[in-house]
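The values are calculated or read from the model by the stated rules, or taken from the named source; none is laboratory data. Keep in mind that this is a model prediction, so the values were computed, not measured. Quick reminder, even Gly has a Cβ in these numbers, built from the backbone with ideal geometry, and neighbours come from all protein chains shown. Remember, those area values only see protein heavy atoms, side chains included, never the ligands or the DNA or RNA. Shrake-Rupley method; radii C 1.70, N 1.55, O 1.52, S 1.80 Å.
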Amino acid sequence: MAKKLSDILDLAKIDIVNKPITESHGLPNECYMSDEYINIERKKLFEEKWSVIGAASSTPNIGDVRPFDLLDIPLIVLRDKNNKIRVFHNVCSHRGFKLVQNSEKMQKFIRCPYHSWSYDLDGELISTPHIGGVGRHETEDFDKSCNGLKEVRSHIWMDLIFVNISRKAEPFEEFIKPLDSRWSEFLSKEDRELIRHPADHGYFQFKVKSNWKFAIENYCESYHLPWIHPDLNSYSKLDDHYTILSDDNSFAGQGSLTYNPSFLSKEKFNCFPNWPKSKLNHAEYIALFPNVMLGIHRDHFFAFWLEPLNNLLSIEHMEIYYVGDESAFSNKYKEIREENSNLWFKVLSEDINAIEGMQAGRNSPSYDGGKFSPIMDTATHHFHKWVATNII
Ligand code: FES
Ligand SMILES: [Fe+2]
């Protein structure tokens, strides 16, 4: 029988997280170490929430089909004949074979390798060979129209594919409203339409030996900047940052007042046309819970999303976007795209030591979740409170 949270850890250790920051502790070791705990987390923090499973632009053409496992829940992302991204459970309605194993291009239907039942791109079951005996592909006891693929509730926002597997979360518009309102100051509706995912230097990934939560916790704070990112700290200093905490506890992060990297390329990226002129050097870095870390700047946007593989291993996917076709696709901007991608690759790879170091420390039985700086760690505490509130 699946274990309850109270079988895995002392619930008092979760309660204390929600106390005011000076009295609280961080999440206990079990939340980063226990195989049983992650099953609860999968249900409460991923299936019941809006979680990111990829970028729509990674499935660009009608008929493209891509499998994705969310903590072992097998899903299919596809682009249907109306050019719409759809997500389905990746399991055959017959004997439960996992239908799609590898990404496929330009499919008209999805055929199960086991007994060849086939589904169209709307998930409808269209073919059931020999179901009524050899040579009889229909049977009156079986209604194909009731046995299609099960669709997953999904929504595309800023090119990201969000899913709510339980179907019980609030409407997506409600979920995203606090962040949308905050960023309406920087990104107008028209400007959002301009984001483009380049074909080169627009994506990289890291595999990290750590629980996914450490990546979020590290992203929330700029406290580590002088020691982990000395180069970045030379032009975007610790004291040029401010903390961001959402009122509804759906996101947290930090902003910089001095975004102004210098590149060797003589080109400069096009900027969002309606970005406020008084805030050209502002940039914001926000973790939207559970699993995506976003960055906005006057001239590019990124989404750094997490794929937890198990409680000790995660893949970090970095998707970078530019403003309009020219910055994203033209040769003229290729060099600066590469420089910008290299810059983020360097910064984010510097964080890996920090993230993996925290994971290693959780093997210590003497550690009780640790203390927070009441000034520098408020955003990390915000995330811990989100976990503590939602895991119960
Ligand atoms: S399990 Fe898919 S056709 Fe039998
Ligand atoms: Fe960092």
Stokes-Einstein diffusion coefficient for segment 267-392 at 4 °C in a medium of 1.567 mPa s, Rh from the Kirkwood formula over Cα pairs: what value in µm²/s? 75
Between Lys207 and Ser188, what length comes free when the chain is fully extended (0.36 nm per residue of separation minus the Cα-Cα distance, one decimal in nm)? 3.4 nm
Report the residue, chosen from Ser145, Ser51, Ser93, that carries the largest GNM mean-square fluctuation when the chain is represented by alpha-carbon nodes joined by springs under 10 Å. Ser145
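Test of understanding: what is the full-extension gain from Asn18 to Lys334, defined as 0.36 nm times their sequence separation minus their Cα-Cα distance?
Working: separation 316, 0.36 × 316 = 113.76 nm, distance 4.71 nm.
Fully extending the segment from Asn18 to Lys334 adds 109.1 nm.
Per the Kirkwood treatment, what hydrodynamic radius in Å, one decimal, follows for segment 44-144 from the mean inverse distance over all distinct Cα pairs? It would help to have the intermediate numbers written out before the result.
Working: mean 1/r = 0.0685 Å⁻¹.
Computed over segment 44-144, the radius equals 14.6 Å.
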Which value in nm describes the separation of the simple spin-label points at Ser373 and Lys105, placed 7 Å from the Cα toward the beta carbon? 4.9
Measuring with a 1.4 Å probe in the full set of protein chains, what accessible area per residue, in whole Å², belongs to the chain? 46
How long are the semi-axes of the equivalent ellipsoid of segment 141-193, defined as square roots of 5 times the Cα gyration tensor eigenvalues? Whole Å, largest first. 34, 13, 7
For the pair Asp180 and Leu11, the simple spin-label estimate (label points 7 Å beyond Cα toward Cβ) gives in nm 3.6
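Please give the length that would be gained between Asp240 and Asn274 if that part of the chain were fully extended, namely 0.36 nm times their separation in residues minus their C-alpha to C-alpha distance (nm, one decimal). Walk me through the numbers on the way to the answer.
Values: separation 34, 0.36 × 34 = 12.24 nm, distance 2.35 nm.
Separation in residues times 0.36 nm, less the Cα-Cα distance, equals 9.9 nm.
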Cα-based Kirkwood hydrodynamic radius, the chain, one decimal, Å: 22.7
Excluding same-chain pairs closer than 8 in sequence, count the lysine pairs in segment 256-392 whose Cα atoms lie under 15 Å apart. 5
